[in-house]
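Written out below as structure tokens is the structure these notes cover.
Read the figures in this text as sums done on the coordinates, not as results from a lab. The structure displayed is predicted, hence computed values, not measured ones. Positions of Cβ are generated from backbone atoms using ideal geometry, with glycine treated the same way; all protein chains shown enter the neighbour counts.
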Amino acid sequence: MIHKETRKKTFFYLSATIISCFILIPFFWMILTSFKERGALMTIPIQWLPEKISFRAYQELFSIDFLFKRAIFNSIFVSGMITFITVMSAAMGAYVFAKIDFRGREKLFSLYLATMMIPGQVTMIPNYLVLKYLGLLNSFTGLMLPSIFNAFATFMLRQNMKSIPDAYIEAAELDGASQITIFFRIVLVLSKPVLATLAVITFMGAWNDYLWPLIILTERTKMTLPIGLSLLNGQYSRRYNLLMAGALISLIPILMVYAFAQKYFEQGLSIGGIKG
């Protein structure tokens, strides 16, 4: 029995390692290609490892007549603001639905969750028309405004907040704490893991979003990084080292955010999805 279990574990880990290698091959190819010189890109047979490491692609990426640095700044600003707006608005909504008892609370929450069944593509045209009426097209405000309402984020945080003992809130109320104080100093503090998880998920979605910024933004100075990479692909379609350098740079903020929140990510994901 011991040998059988050992063989099973060995087979599992060996299979997982092989599959992981196949998954990571495109990622390693992207990194290696970004450090190749232009002449080494189309050589036959293929050079997996560059004979000479070159940073010329990265230098050209920020020196060519292309607003790449501006696109990076725009994406960082937009993704950060969308993450903050989504997390805070969802946290406030989740606190109301989890800890404040009022008539029709469950029915209203069920109606709010029903909006998750509506595909985002269906609401793009109505949102566009509303933003056009408000004069918010081609602006970061119009781009970020729909992020105020996120049923999934509210549901995820509500599941966690329902697990917080009411005794904490009742004790704070006896001490004269207001609802704002209870929300910021008790509920949010006890919800750090799930808040970090939601922040990572939201940031990744906003950072990689392509369609909605493409619809709302029209000026090149306001384009986000996914749009910038798309334009870069059209303008320099055969400069693979340049394209791979741009794609690699676009991964860095996501990796940094995940590394920062990794401590809470798995714990928050399990708490938000199971408890409640």
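General remarks:
- Projected label distance in nm at residue 114 and residue 251, using a 7 Å step from Cα toward the beta-carbon: 4.3 nm
- Computed FRET value (nearest 0.05) for residue 55 with residue 23, which takes r as the C-beta separation and R₀ as 25 Å: 0.40
- When each of the peptides 248-254, 155-161 is scored by how many other beta carbons lie within 10 Å of its residues on average, the order from highest to lowest is 155-161, 248-254.
- Simple rule: put +1 on each Lys or Arg Cβ and -1 on each Asp or Glu Cβ in the chain, find the dipole, and look at 249, 47, 66; the Cα lying farthest toward the positive end is 47.
- The three principal axes of the Cα atoms in the chain give end-to-end lengths of 74, 70, 35 Å, sorted in falling order.
- DSSP H segments from the chain that extend 18 Å or more along their own axis, Cα-based, with Kyte-Doolittle mean of 1.0 or above: 68-99, 192-208, 240-274
- Links that overshoot a 29 Å alpha carbon limit, given the list 99/263; 192/222; 132/222; 52/263; 107/263; 9/263: 192/222; 52/263; 107/263
- Expected 222 nm ellipticity per residue - DSSP helices of 4 or more, -39500 (n - 2.57), all of the chain, to 500: -23500 deg cm²/dmol
- Simple point charges give the picture: +1 on the Cβ of Lys and Arg, -1 on the Cβ of Asp and Glu, and for region 65-274 a dipole about the Cα centre of about 520 debye.
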